[in-house]
Structures are given as structure tokens and as C-alpha cells.
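**Q** Okay, here's the structure, questions in a sec.
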Amino acid sequence: MVTIGVHGFDAEWFLQRLRDADVRLLLDVRQRRGVRGPDHAWANARRLQAALTQAGIASEHHPELAPTTELRRLQYAEDDRRGVGKRSRRELAAEYTRRYTTEILDRADLTPIVSRLPSSGTAALLCVERDPEACHRSLIAQRLTERHRTTIDHLRPS
């Protein structure tokens, strides 16, 4: 498996990174499947789905793995306290990590997801943040590694 974020990519480079990693299934773990700003309009649900279909990449939305609005607000408050923006965040707040793990991840059954992973090629966890360390997808990836012995690599824009 790999993880990938939207920020830092344009549509062409994003799809190329997926092709280079032989991604056959993209698992979208965003709550809201839209991204603000014209630079990332390509990642809004319908446009991204159309591009993935054209590239021959299947996709699934897994909102049960997305942080709640309350959890996102908790992280935003910590970002404000630290004086960092969402796009410049380098790590998740400890309280966010603790609560995401207990409120979302501990309740999620990842076995059905693991059973649907492609037998050839790769699957990708998708969210918005550029760096996996600043995104809940890293927590999902860690859980998949620990409990399902899944090997994870993180795709970055450069």
C-alpha cells in the first residue's frame, strides 16, 4: 500500500505518481470530498473519480475512517495555537491522535478493506495533506501495518 495527499500535486503529476506506484485501487478516507481553491479543483469527488476511471484505477470512499468535524476542529485549534496552517502542518496534535485512534480507528474493522486489496498492483490511501505525518492517513497506515502486516510507502509530491 501507499498513501498520498492532494496538496503539492496537480492532476497530471498526481495520476503519474499513482501509475508509477502501480496503484489499482484508491481508498478515499476524506470526510468531505472537496478541496478548496482552483489549484486543487481536480481533486473534488466527481473530477477525481472521472480521472481515476480514465486511468483505470478503481476507487472507494471510506467515510467511516474520516475524522469527524469535531476532531478536525480540535486539530485546527492546535494548529492555531502553534501558528501553523493546515498546509504547513508537519505533525498531528497528540490529543487529535489519541481521540482519532479511540473514536474512529479502534471502532473500525479494517479486515474487509484488507480483503479487497488488489492481488496485483497497489492500493492507495488518499487524503488532503501533503505530508502523511500531518494527516490521519498515517494513523490508518500504521494500524494496517501493525494488525495486517501491510507494507506502506508514502508518496510525496517531490
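The values are calculated or read from the model by the stated rules, or taken from the named source; none is laboratory data. None of these values were measured; they are calculated from a predicted model. Here the Cβ positions follow ideal geometry from the backbone for every residue, glycine too, while neighbour counts run over all protein chains shown.
**Q** Of all the residues that make up segment 38-70, how many are at pLDDT 95 or above, among the hydrophobic types (A, V, I, L, M, F, W, C), over 20 Å from G121 (Cβ atoms) and surrounded by fewer than 15 Cβ atoms within 10 Å (Cβ to Cβ)?
**A** 1
**Q** For segment 10-30, which residues satisfy the criterion of being over 17 Å from T122 (Cβ atoms) and either in contact with a Leu (Cβ under 9 Å, 6 or more places away or on another chain) or surrounded by 22 or more Cβ atoms within 10 Å (Cβ to Cβ) (or both)?
**A** Answer for segment 10-30, where residues must be over 17 Å from T122 (Cβ atoms) and either in contact with a Leu (Cβ under 9 Å, 6 or more places away or on another chain) or surrounded by 22 or more Cβ atoms within 10 Å (Cβ to Cβ) (or both): A11, R30.
**Q** Tell me, please, whether a residue that is surrounded by fewer than 16 Cβ atoms within 10 Å (Cβ to Cβ), under 17 Å from the mean Cα position of the chain (by Cα) and closer than 29 Å to G56 by Cα can be found in segment 116-132.
**A** No - not one qualifying residue is present in segment 116-132.
**Q** Turning to a different aspect of this structure: Right, L92: hydrophobic (A, V, I, L, M, F, W, C), surrounded by 18 or more Cβ atoms within 10 Å (Cβ to Cβ) and touching a Ser or Thr at 6+ places or on another chain (Cβ under 8 Å) or not?
**A** Considered against the rule, which asks whether it is hydrophobic (A, V, I, L, M, F, W, C), surrounded by 18 or more Cβ atoms within 10 Å (Cβ to Cβ) and touching a Ser or Thr at 6+ places or on another chain (Cβ under 8 Å), L92 comes out as yes.
**Q** Just a yes or no: is a residue in segment 69-83 of a type outside the set (K, R), within 16 Å of the chain's Cα centre (by Cα) and more than 19 Å from R33 (Cα to Cα)?
**A** Among the residues of segment 69-83, not one is of a type outside the set (K, R), within 16 Å of the chain's Cα centre (by Cα) and more than 19 Å from R33 (Cα to Cα), which makes the answer no.
**Q** Moving on. If I go through segment 35-54 residue by residue, how many of them are touching a helix residue (DSSP H, G or I) at 6+ places or on another chain (Cβ under 7 Å) and assigned to a loop (DSSP other than H, G, I, E, B)?
**A** Matching residues across segment 35-54 total 1.
Okay, residues lined up against (1) of a type outside the set (D, E); (2) in contact with a strand residue (DSSP E or B) (Cβ under 7 Å, 6 or more places away or on another chain):
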residue	(1), (2)
L26	yes, yes
W42	yes, no
R46	yes, no
R82	yes, no
L92	yes, no
E95	no, no
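**Q** Here's something else I'd like to know. Identify the single condition in (1) at pLDDT 95 or above; (2) closer than 21 Å to R32 by Cβ that D106 does not satisfy, given that it satisfies every other one.
**A** (2)
**Q** Given D80, D153, D131, D109, which one is out of contact with any helix residue (DSSP H, G or I) (no Cβ under 7 Å at 6 or more places or on another chain) and under 15 Å from V29 (Cβ atoms)?
**A** Step by step, each of D80, D153, D131, D109 is checked, and only D109 is out of contact with any helix residue (DSSP H, G or I) (no Cβ under 7 Å at 6 or more places or on another chain) and under 15 Å from V29 (Cβ atoms).
**Q** Any residue in segment 80-95 that's closer than 18 Å to V128 by Cβ and at pLDDT 90 or above: show its pairings with residues that are in a helix (DSSP H, G or I) and polar (S, T, N, Q) at Cβ separation under 7 Å, as long as the two are six or more apart or on different chains.
**A** Filtered contacts from segment 80-95: L92/Q75; A93/Q75.
**Q** Looking at (1) farther than 23 Å from A55 by Cβ; (2) buried (at least 18 other Cβ atoms within 10 Å of the Cβ), can you tell me which one A141 breaks?
**A** Single failed check for A141: (1).
**Q** Hey, another quick one. State all residues of segment 16-51 that are touching a residue at least 12 places away in the same chain (Cβ under 8 Å), over 15 Å from the mean Cα position of the chain (by Cα) and under 26 Å from R143 (Cα atoms); if no residue qualifies, say none.
**A** R19, A21, D22, R24
**Q** V35 passes all but one of (1) closer than 16 Å to E129 by Cα; (2) of a type in the set (V, I, T); (3) exposed (fewer than 13 other Cβ atoms within 10 Å of the Cβ); which number fails?
**A** (3)
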